[in-house]
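Structure record follows, encoded as structure tokens.
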Amino acid sequence: MTIYPQDYALTIQVGVQPLVTCSQAVLDQPSVDLPLGCIKYNFRGGLHSAFQPLNLLIKEAYVGTLVILEVQDFLDGRVVTTYGYLTFRREDTFVVQQAYHFEDAARTHPSLLHYCLYPHIPADPFDFVSTYPDYQRL
């Protein structure tokens, strides 16, 4: 994921460049609750690594930038993305005002259900989505 600074004046003054972060992919094996399993892409560690060595002046350019915390793919056409906005306190990095974006390919394109091996299980994927407090350090 590429993170672009929000404060353009500070970006020009200090010469702040976009940051690139990586995700950690975790494969949950199929189970009774998740018959297809799921893949979770977590960006928290990558965000921490990207901002840890920067000084507070450079971090100020990124305050309010929209970032993705986690993407969870249930492998049945449903994807839940957790996102929020960057903020900083001294050397700590936080993501606040977190929200979810839910995509359901079968609902958007019902003709895909002809190719689906399983019904949508779990019925409520939010039981398996991680939540993080706003002011929990990355």
(message) Give me the dipole magnitude in Debye, nearest 20, for the chain about the Cα centre, with unit charges on the beta carbon: positive for Lys and Arg, negative for Asp and Glu.
(response) 360 debye
(request) Pull out the extension gain between Glu103 and Asp28, defined as 0.36 nm times the separation in residues minus the alpha carbon to alpha carbon distance; nm, one decimal. (result) 25.1 nm
(message) Placing unit charges on C-beta atoms (Lys and Arg positive, Asp and Glu negative, everything else neutral), compute the dipole magnitude of the stretch 1-77 about its Cα centre in debye, rounded to 20.
(response) 300 debye
(message) Using the Karplus curve 6.51 cos²θ - 1.76 cosθ + 1.60 with θ = phi - 60°, what ³J(HN,Hα) values do you get for each residue of the stretch 79-94, in whole Hz, with x for Gly and Pro?
(response) 9, 10, 10, 9, 9, x, 10, 6, 8, 9, 9, 6, 8, 8, 10, 10
(message) Which residue, Leu138, Tyr100, Ile39, has the largest displacement toward the positive end of the dipole of the chain when charges sit on each Cβ (Lys, Arg +1; Asp, Glu -1)?
(response) Leu138
(request) Sort out for me the Cα centre separation of the stretch 1-35 from the stretch 58-86, rounded to whole Å. (result) 7 Å
(request) Please give the per residue volume of the convex hull enclosing the alpha carbon atoms of the chain, rounded to a whole number of Å³. (result) 115 Å³
(message) Explain nothing, just compute: Karplus ³J(HN,Hα) = 6.51 cos²θ - 1.76 cosθ + 1.60, θ = phi - 60°, for every residue of the stretch 19-32 in order, whole Hz, x for Gly and Pro.
(response) 9, 10, 10, 10, 10, 9, 9, 10, 9, 8, 5, x, 8, 5
(message) In whole Hz and in residue order, list the ³J(HN,Hα) couplings for the stretch 60-67 that follow from phi through the Karplus curve 6.51 cos²θ - 1.76 cosθ + 1.60, θ = phi - 60°; x for Gly and Pro.
(response) 4, 5, 9, 4, x, 6, 6, 9
(request) Could you calculate the contour length gain from Tyr8 to Leu113, that is, 0.36 nm times the residue separation minus the distance between their Cα atoms, to one decimal place in nm? (result) 33.2 nm
(request) Please give the contour-minus-distance gain from Phe128 to Ile39: 0.36 nm per residue of separation, less the Cα-Cα distance, rounded to one decimal in nm. (result) 30.9 nm
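Read-outs throughout are calculated quantities, based only on the coordinates presented, and are distinct from any laboratory measurement. Values in this document were obtained by computation on a predicted structure and should not be read as measured data. We place every Cβ from the backbone using ideal geometry, glycine too, and count neighbours over all the protein chains shown.
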